[in-house]
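Colleague: The structure follows.
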Amino acid sequence: MRAGRFAAAIGALAAAVWLVVGTGLVNYDTLYSLVWGRQLAQGRTPAVDIPVAPTPHPLGTLLGVLLSPLSMLSDAGVHGDATTTVTLVLAFVALALLGWVVYALGAAWFDPWVGGLAAVIILTRQPVLDFGARAYIDIPYVVLVLAALLLETRRPRCGVPVLALLAVAGLIRPEAWLFSGLYVLYLVWAGEREVTRVLRLVAVAAIGPVLWLLTDWAIAGDALHSLTGTRDTAKDLGRVTGIGEVPRTAPRRIGEILREPVLVGAAGGLLLAWLWLRARVRLAVVAGLVSLLAFTLLAAAGLPILGRYLLLPASIGAVLCGAGAFGWRALPQGDRRRRPWAWFGAFVLVLLLVFTPAQVTRLRDLRHALTRQDRIQDDLRALVHRPPGLITPGCTPVGVPNHRPVPLLALWLDLDPRAVISAQERRTALGTYVRPATPTVAQDYILDPRDEDRSVAPPPPTFHLAGGNRSWLVYKRCAPDVVVHSGE
């Protein structure tokens, strides 16, 4: 019964979040996970070595394998619709779980009022909802690590269960490996000396990195493919990286997630809690520092500095802001320190209220952006099975302006992603070329402001316009004796 109520609550919260953002879109990285998982399920080697391929996260690829039977449960000629639908449902459930675990941590460390405000904060941050509505796998990673912190809070030094959660998180992001290793060292320092138990702890902590290395070796022939491939892609795309960029970039990215009032509340909450409730905030401080250390190590290894890699310390910051507003309630009645803390808490609440209109505007902008991109994506989907079609005899391969639409078309058309050609990589003499119909479509859907090359290549001069719709134009040049009928 308790599990049923919890599932119902999470479902209701996920639905509420969906109502706020209006829709969802599966992002580039997760689409590749679905494509690679389907390739594995079909007995094929995943195409992880193509240009601008994302990091192949083992748990993401496993999700693709598990969802691969859904690929055929779609409309005429379109594969993968059911797969992306289930992925988006799971993404909104992950957002709801994030809200719950942030609440639970705030309640466990301080007071339910702290947890409640922290959950509201994290589920109203525009970047958090953006990453969640686009099914980034970073949200489940944060949920797993925070769940490990919650378990450690409720059952100090419980060992294997905490490491098991971190092991699963370590199949999503390698930062969890540092948490696992340091936790084992902490348990030994705290008095765990029995050799068999220590070896069991080490074995569980090693699950994440060992399985990741084995997965890379099995599908790419190189146990370090994720490291070298991600580093090379970051270099090719001109991404910000390097340990020297961390002090300047990390605070700004966390600020972009939380915004000014939450940063003020978190700073004050951390200071006051460290002075007067240090035992309650110690785990939060340690976890925040470890997450920043892991982020720094990845940057030093040449991996990109991205805002979504800082969702974990931002989530902890939301809890600390809740503490800034309501942490005084954890002090004993009559304690003279309650009053100054309560006054600071009132100041934080006023700041949050004053900045609420700006936050509402950001959420409205997110909703509008997702709606526009969803409409554009629906128009692209319509071309899959309506004349002139994207796959017709003698009119292959399929070309696109850049790498952005490659995994989605590979999923829909049941193709190896190498069969969808980015015009930035090479041009073809025959085939089909799909191009945005307007600069607005290109801006909203194709182009990324972080890309060095933001041009949209025209169709090859020998291709002719075969059809299209309000968002996309289809050009073709087919082999001799192949007739192409124009569509809308």
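None of the figures in this text is laboratory data; all of them are computed from the coordinates on show. All figures in this text were calculated on a predicted structure; none of them were measured in a lab. Glycine gets a Cβ as well: all are built from the backbone with ideal geometry, and neighbour counts include every protein chain shown.
Colleague: What is the calculated FRET efficiency for ARG155 to ARG426, with r their C-beta to C-beta distance and R₀ = 56 Å, to the nearest 0.05?
Modeller: With a Förster radius of 56 Å, E is 0.50.
Colleague: Would you list LEU289, LEU213, LEU303 from fewest to most Cβ contacts within 10 Å?
Modeller: Fewest-to-most ranking of LEU289, LEU213, LEU303: LEU289, LEU213, LEU303.
Colleague: With unit charges on the beta carbons (Lys and Arg positive, Asp and Glu negative) and the dipole taken about the Cα centre of the chain, which residue among CYS395, LEU277, GLY208 sits farthest to the positive side?
Modeller: Positive-end residue among those listed: LEU277.
Colleague: Once Lys and Arg get +1 and Asp and Glu get -1 on their Cβ, which of HIS385, VAL434, GLY22 lies farthest toward the positive end of the dipole of the chain?
Modeller: GLY22
Colleague: Go through the cysteines of the chain and tell me which have no other cysteine Cβ under 4.7 Å away.
Modeller: Lone cysteines by the Cβ rule: CYS158, CYS321.
Colleague: Tell me, what does the Kirkwood hydrodynamic radius of the stretch 226-343 come to in angstroms if you use every pair of distinct C-alpha atoms?
Modeller: Across the stretch 226-343, the inverse of the average 1/r is 15.6 Å.
Colleague: Let me know the charge dipole size of the stretch 361-477 about its Cα centre in debye, to the nearest 20, where only the beta-carbon of Lys, Arg (+1) and Asp, Glu (-1) is charged.
Modeller: Here the size comes out at about 240 debye.
Colleague: Okay, next question. Over the alpha carbons of the stretch 361-477, what is the largest minus smallest coordinate on each principal axis, giving the biggest first in Å?
Modeller: 49, 31, 25
Colleague: For VAL434, VAL26, what's the fewest-to-most ordering of other Cβ within 10 Å of each Cβ?
Modeller: In order of increasing Cβ crowding within 10 Å: VAL434, VAL26.
Colleague: A further question on this structure: Would you kindly compute the Cα radius of gyration of the chain and its largest Cα-Cα separation (Dmax), both in Å?
Modeller: Cα radius of gyration and Dmax of the chain are 24.4, 90 Å respectively.
Colleague: Note down the magnitude of the dipole of the chain about its Cα centre, charges +1 on Lys and Arg C-beta and -1 on Asp and Glu C-beta and zero elsewhere, to the nearest 20 debye.
Modeller: With only Lys, Arg, Asp and Glu charged at Cβ, the dipole is about 1560 debye.
Colleague: Using alpha carbon centroids, what distance separates the stretch 312-365 and the stretch 1-80, in Å?
Modeller: 35
Colleague: In debye, nearest 20: dipole of the stretch 186-265 around its Cα centre with unit charges on the Cβ of K, R (+) and D, E (-)?
Modeller: Dipole of the stretch 186-265, to the nearest 20 debye: 220 debye.
Colleague: Once you put a point 7 Å from the Cα of ARG282 and another 7 Å from the Cα of LEU224, both along the Cβ direction, what distance in nm separates them?
Modeller: Each label point is offset 7 Å from its Cα along the Cβ direction, giving 3.9 nm.
Colleague: Along the charge dipole of the chain, which of GLY64, VAL48, VAL93 sits closest to the positive end, that is, farthest toward it, with unit charges on the beta carbon of Lys, Arg, Asp and Glu (+1, +1, -1, -1)?
Modeller: Farthest towards the positive pole: VAL93.
Colleague: Further, regarding this structure: So for THR371, THR83, THR241, fewest C-beta neighbours within 10 Å to most, what's the order?
Modeller: THR371, THR241, THR83
Colleague: Using Cα atoms only, what is the angle between the long axis of helix 58-67 and the major principal axis of the chain, expressed in degrees (0 to 90) to the nearest 10?
Modeller: Relative to the chain, helix 58-67 is tipped by roughly 60 degrees.
Colleague: Taking 7 Å along the Cα-to-C-beta vector as the label spot, tell me the ALA301-LEU62 distance in nanometres, rounded to one decimal.
Modeller: 1.9
Colleague: Distance between Cα centroids, the stretch 110-163 to the stretch 234-294: provide it in whole Å.
Modeller: Between the Cα centres of the stretch 110-163 and the stretch 234-294 lies a distance of 15 Å.
Colleague: Which length gain, in nm to one decimal place, applies between ASP365 and VAL198 when the Cα-Cα distance is subtracted from 0.36 nm times their residue separation?
Modeller: Using 0.36 nm per residue and subtracting the Cα-Cα distance, I get 55.0 nm.
Colleague: Now a separate question. Just to be sure I understand the model, the point goes 7 Å from the Cα along the line to the Cβ. What's the resulting ASP374 to ALA358 distance in nm?
Modeller: 2.8
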